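The values are calculated or read from the model by the stated rules, or taken from the named source; none is laboratory data. Computed from a predicted model, the values in this text were never measured in an experiment. Cβ: placed from backbone, ideal geometry, glycine included. Neighbour counts: every protein chain shown.
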Amino acid sequence: MSAELSAGMERRSFLQRLAAGGLVLAVGPAGVKQFHALSELEAADATALLSDPFAPSVYLSISDAGIATIICHRSEMGQGSTTTLVMTLADELEADWTKVRLEQAIGDAKYGDQNTDGSTSIRNGTYMKFREVGATARLMLAQAAAATWGVPVNEVTARNSVVTHGKTKRTLDYGALVARARTLPVPASAPLKAPKDFRYIGKKIKGVKPMQQHAMVTGKATFGQDATMPGMKVAVILHPPVYGAHVLKFDAAAALAVPGVEKVIEIPGAPIPSAFNPLGGVAVIASSTWAAISGRAKLNATWSESPNDSYDSAAYRTELESSVRAAGNTVRDIGNTDSALNSAPKKISAEYYAPHLAQAPMEPPAALANVTGNKCEVWACTQDPQTAQTTVAALLKIPKENVTINVTLLGGGFGRKSKPDFVAEAAWLSQQIGAPVKVVWTREDDIRNGFVHTVSMQRLEAGLDASGKISAWKHRIASPPIPSLFAPGQEFHSDGELALGVLDMPYAIPNVRVEACRAPAHARIGWYRSVSNIPQAFAIASFMDELAHEAGVDPVQFLLASLGGDRVIDMTKQGAAKPVDNYGAKWEEHPNDTARHRRVLEAVARESGWGKKLPAGEGMGVAVHRSFLTYVACVTHVAVGPRGALTIRRVDMAMDCGFAVNPDRVKSQCEGGIGMGIANALVSELSYSKGATVQSNFNDYQVLRMRANPRDVRIHLVDSGGPIGGVGEPPVPPVAPSLCNAIFAATGKRIRSLPIGNQLAGS
């Protein structure tokens, strides 16, 4: 429901007037009964939600008209998780797709985890939960039909929103069965479909279009930047130029003279480490976005000193180089690495650098808040409505249950919109002025004042034995950790970040040592799509290619041999100082399986034509990486022309994510991940001078342009029969190393520092 609608009429009243009756199926943890705002509400098929559902956690309602409304508790930002969840439940429900509607859940703990991050929307138990909800509803509708006809329930079948009695061919559609079905007890369990009977799950079905697609392409969909309501004011904020600074004084006179500007208010900021709290600054509140932006440009503010005033990313790189060239804290240790290195016939070392990155989603953050008394309602493009709810409640000093977070569509997120600082800003300003306020972040605000991806320096040393096998591996990492956002003194890469490809590295190497080296943070370090898998896959996969060439072995064959044969790796015996995290899953359920590494490598080599003879100046590079419980291998084919002109001729990617619930969306996530991975490798870099970001918009913080995107991209899904893994993030990590390895194959030039930029000039 739009904010305009909710302002004029209570949602509960609106729904009750618009439709009556309906079957509501509720399963899951206990919680408060709650009506929800429909994201696509049409008077012809709106579903009334009952005040007395079967259980307090609501995921599905079916109206007397037979319309099934499926409530999705994860945010939609283009990744397609809402469509996939709707498909899953609708398949088990045996629903006619034309009679299925989507409702976006508000932020509420009764839904379980709502954080749309970490590639968890489908894999994290939700797929099975939604199947069970659909199967239970289908069974209840069948029971209602059987009771109506006085026949055994095993004589009736449900298909396409109709229940049929096999012997008499009598039929009843779902809407006609609602009244009786809602009087039945909810069964403890219901039989699930056999995979051979799936109609939507795992299929490419003509006519099953992404939810909200029509509204998106016609401009009718509501994103965070679109939210509006009567009496709303617009605010933009002048944030501190350096993390940790606060405003000392400001002159608002010139800003207030701008037509449309109504108020100028100082926002208090949180001290370092600031967690998800607002940075503080000066808010300009106006009748329009343009007036607010124009007024902000007229502000004259003086800022305090910050401990980060001297932060210079070029100088900091030198500090990180010094850090990895000295011993760090040992976090993984197998065998005797120093002895094995000293005795190795061949010793190779290399250092790899990856810069800060900004998430830079196409839609910058925005939130509309309306505080009345001790209650607050918000409309925001948030990936994590529950954390937004908690943060707002704490800032406003009101009970959490008095904060309602409505989730709009997100124009991208990549981890930025998991952090609710912008939501808290809107709520605080609304409380201060007693009116609805929409906080708008501009592109410059987002790039200069976000939660940046960490910078990383890694030093790798390896020894090759007489047969060309890796006998020793030493890996040192200096990278400011995400925990620095939440606690002081966090200066070493955390265990969770090291688990992203380093502590779980699959290669059968007898002597391994990993050391975390000092790297204090000077910016708000947050997560970014694929997190530290990006720099760590870049370093490991690039170094493996270097070792293959030193050994004189084809890189694909070297990787396969280094895996050491098909096996499930015992993660308790890999030399880690502490138990290794597995993206929140149990190792027993999602093991580190070298056979799955091998299969994606073999698939991508086969499909890409690996090993074929190429013209001079062309090369192919390979990389493989496991992340978010999914295995991905990538081959990039490049041509490097005069003066280093780079053309990416083709990219092949093989992915084993277990079972692909929605293959179309899996492939599109791979395609998008390839584009993002290429941008990370070629052009994206966030740098600092005197504590402030140097870049401010897409002219200097570059993302991949359409003309630079490879035109030939081929995705190969490998069905291993394994459990469901993540999809949104795993495509990104192997792209940069496969590209850099291809450049070496074409030119003989090693790329060890990102972005590539003009490093090829003169090649």
Looking at region 109-119, which of the residues that are crowded, with 21+ Cβ neighbours inside 10 Å and more than 12 Å from residue 728 (Cβ to Cβ) is modelled with the lowest pLDDT? 111
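Could we say that residue 687 is under 18 Å from the mean Cα position of the chain (by Cα), surrounded by fewer than 22 Cβ atoms within 10 Å (Cβ to Cβ) and not acidic (Asp, Glu) here?
Numbers: under 18 Å from the mean Cα position of the chain (by Cα): no; surrounded by fewer than 22 Cβ atoms within 10 Å (Cβ to Cβ): yes; not acidic (Asp, Glu): yes.
Taking the combined requirement at face value, the residue does not satisfy it.
Yes/no matrix, rows are residues, columns are (1) closer than 30 Å to residue 308 by Cα; (2) in contact (Cβ under 8 Å) with a residue 12 or more places away in the chain:
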position	(1), (2)
181	no, yes
188	no, no
199	no, yes
219	no, no
239	yes, yes
244	yes, yes
256	no, yes
Selection from region 596-643 of residues small (Gly, Ala, Ser), buried (at least 24 other Cβ atoms within 10 Å of the Cβ) and out of contact with any helix residue (DSSP H, G or I) (no Cβ under 9 Å at 6 or more places or on another chain) yields 608
Residues located in region 169-183, provided they are outside any helix (DSSP H, G or I) and of a type in the set (A, V, I, L, M): 172
Name every residue in region 68-89 that is under 18 Å from residue 663 (Cα atoms) and either assigned to a loop (DSSP other than H, G, I, E, B) or not assigned by TED's automatic domain parsing to the domain that holds residue 110 (or both), in order of residue number. 76, 77, 78, 79, 80
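Condition check ((1) surrounded by fewer than 15 Cβ atoms within 10 Å (Cβ to Cβ); (2) assigned by TED's automatic domain parsing to the domain that holds residue 584; (3) part of a loop (DSSP other than H, G, I, E, B); (4) out of contact with any Lys or Arg (no Cβ under 6 Å at 6 or more places or on another chain)) across all residues:
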position	(1), (2), (3), (4)
121	no, no, yes, no
146	no, no, no, yes
164	no, no, no, yes
167	yes, no, yes, yes
185	yes, no, yes, yes
190	no, no, yes, yes
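Out of curiosity, is residue 549 on the phi < 0 side of the Ramachandran plot, in the same structural domain as residue 512 (by TED's automatic domain parsing) and in contact with a Pro (Cβ under 6 Å, 6 or more places away or on another chain)? First the steps, then the outcome.
On the way: on the phi < 0 side of the Ramachandran plot: yes; in the same structural domain as residue 512 (by TED's automatic domain parsing): yes; in contact with a Pro (Cβ under 6 Å, 6 or more places away or on another chain): no.
So residue 549 fails the test.
Test residue 681 against the stated conditions and say whether it is of a type in the set (A, V, I, L, M), assigned to a strand (DSSP E or B) and either surrounded by 24 or more Cβ atoms within 10 Å (Cβ to Cβ) or touching a His at 6+ places or on another chain (Cβ under 8 Å) (or both). Please lay out each step first, then the result.
Numbers: of a type in the set (A, V, I, L, M): yes; assigned to a strand (DSSP E or B): no; either surrounded by 24 or more Cβ atoms within 10 Å (Cβ to Cβ) or touching a His at 6+ places or on another chain (Cβ under 8 Å) (or both): yes.
No; evaluated as a whole, the condition is false for this residue.
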Looking for whichever is touching a residue at least 12 places away in the same chain (Cβ under 8 Å), under 30 Å from residue 702 (Cβ atoms) and in contact with a Gly (Cβ under 7 Å, 6 or more places away or on another chain) here; the options are 344, 366, 340. Which one fits? 366
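Picking from 519, 539, which residue would you name as being out of contact with any helix residue (DSSP H, G or I) (no Cβ under 7 Å at 6 or more places or on another chain), touching a residue at least 40 places away in the same chain (Cβ under 8 Å), crowded, with 23+ Cβ neighbours inside 10 Å and assigned by TED's automatic domain parsing to the domain that holds residue 326?
The unique qualifying residue is 539.
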Restricting attention to region 328-363, the residues that are outside any strand (DSSP E or B) and either surrounded by 19 or more Cβ atoms within 10 Å (Cβ to Cβ) or within 31 Å of the chain's Cα centre (by Cα) (or both) number exactly 12
Answer yes or no: is there a residue in region 385-408 that is assigned to a helix (DSSP H, G or I), hydroxyl-bearing (Ser, Thr, Tyr), closer than 30 Å to residue 316 by Cα and not assigned by TED's automatic domain parsing to the domain that holds residue 324. no
Checking the structure you have, find out if any residue of region 571-586 is touching a Phe, Trp or Tyr at 6+ places or on another chain (Cβ under 9 Å), surrounded by fewer than 20 Cβ atoms within 10 Å (Cβ to Cβ) and among the polar types (S, T, N, Q). yes
